[in-house]
Amino acid sequence: MIFGVLAMSLATTEPTSAVEGILRARLLERYPAVVRWEIKSFSTDVPATFADAKVVQLGARSAVQIGRRVYWYSVAGFAQAVSATRTVVPGQMLNTGDGQLAESNIVAANCDPVLDPTLLNGKRARKALRANEVICAASVEPRPLVARGEEIVVRYVGPKVSLTTRGVAQNDGIAGDSLLVLNPRSHDLFRAIVSGSREVTINE
């Protein structure tokens, strides 16, 4: 444990006490990307001894128990992470330009952050994102071949004719899925099979 604290001091400010050092070592295990810590104790009487100290909570509010007493700390841990460059609604498609690397408090984000803006390509938002908010890996998901609400190509393939038109997908779909499509002119609904990116096919 002591060796972990010493190694961590190379990347951040020295702990102000042995108890804080124990807390930092556990925090670094949970947040290995952090390069700068800001840790403030809510107590002024944290004992110097740490023989029986144990970390009982990790996060923006962390706690160390010594004997029967629990000591609370305010924790901020900073690292390069991807934050949103604009407000994004759930289901919205993402690309590299929707994120930027910046030093952020990833402890406050309470998640595993996206660390490279290029990883947003081919993804969409699972939840709303605010501008400058850290983008969590769990807040994005792979974009399906066809996404609900987007305009898609509809191919009609018959024995003697092949037609192409446009429609609006009413459901998400991956290759081979049958989903509802809206004809934007007649407002009729029909079923088609997902056959490619933003493309469905009707075979007769």
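Count of the stretch 185-204 residues, restricted to those that are in contact with a Gly (Cβ under 9 Å, 6 or more places away or on another chain) and loosely packed, with under 12 Cβ neighbours inside 10 Å, is 2. With the structure loaded, tell me whether S74 is among the polar types (S, T, N, Q), within 25 Å of L23 (Cα to Cα) and loosely packed, with under 15 Cβ neighbours inside 10 Å or whether it fails that test. So S74 passes the test.
The rows are residues; the columns are (1) out of contact with any helix residue (DSSP H, G or I) (no Cβ under 6 Å at 6 or more places or on another chain); (2) crowded, with 19+ Cβ neighbours inside 10 Å.
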position: S43; (1), (2): yes, no
position: A60; (1), (2): no, no
position: Q65; (1), (2): yes, no
position: A81; (1), (2): no, yes
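When the criteria are applied in full, S62 fails the requirement of being under 25 Å from R24 (Cα atoms) and either in contact (Cβ under 8 Å) with a residue 40 or more places away in the chain or not assigned by TED's automatic domain parsing to the domain that holds W37 (or both). Out of the residues in the stretch 129-142 that are surrounded by 14 or more Cβ atoms within 10 Å (Cβ to Cβ) and touching a Ser or Thr at 6+ places or on another chain (Cβ under 9 Å), which is farthest from V107 (Cα to Cα)? Only one residue tops the list, namely L129. The single condition among (1) touching a helix residue (DSSP H, G or I) at 6+ places or on another chain (Cβ under 8 Å); (2) more than 22 Å from I106 (Cβ to Cβ); (3) assigned to a loop (DSSP other than H, G, I, E, B) that A33 does not meet is (2).
When every residue of the stretch 168-183 is checked against the conditions, at least one turns out to be under 18 Å from R124 (Cβ atoms), crowded, with 17+ Cβ neighbours inside 10 Å, touching a strand residue (DSSP E or B) at 6+ places or on another chain (Cβ under 9 Å) and of a type in the set (D, E, K, R). The set of residues in the stretch 158-204 being of a type outside the set (G, A, S), assigned to a strand (DSSP E or B) and under 33 Å from the mean Cα position of the chain (by Cα) consists of V168, L179, L180, V181, L182, I193, V194, E199, V200. Could you list, ordered by first residue, the pairs with Cβ atoms under 8 Å in which the first is in the stretch 95-123 and under 13 Å from V140 (Cβ atoms) and in the same structural domain as E29 (by TED's automatic domain parsing) and the second is at pLDDT 95 or above and assigned to a strand (DSSP E or B), at least 6 apart or interchain? Partner pairs satisfying both residue conditions: none exist. For the stretch 125-167, a residue qualifies if it is closer than 12 Å to E199 by Cβ and without any contact (Cβ under 8 Å) to a residue 24 or more places away in the chain, and the qualifying residues are T164, T165, R166.
Quick grid of which residues meet (1) of a type outside the set (A, V, I, L, M); (2) under 30 Å from I39 (Cβ atoms); (3) in contact with a Cys (Cβ under 6 Å, 6 or more places away or on another chain):
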site	(1), (2), (3)
N105	yes, yes, no
T118	yes, no, no
R148	yes, no, no
E151	yes, no, no
V157	no, no, no
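The values are calculated or read from the model by the stated rules, or taken from the named source; none is laboratory data. Only a predicted model underlies this, so the values are computations on that prediction, with no experimental measurement involved. Glycine also receives a Cβ, built like all others from the backbone with ideal geometry; neighbour counts cover every protein chain displayed.
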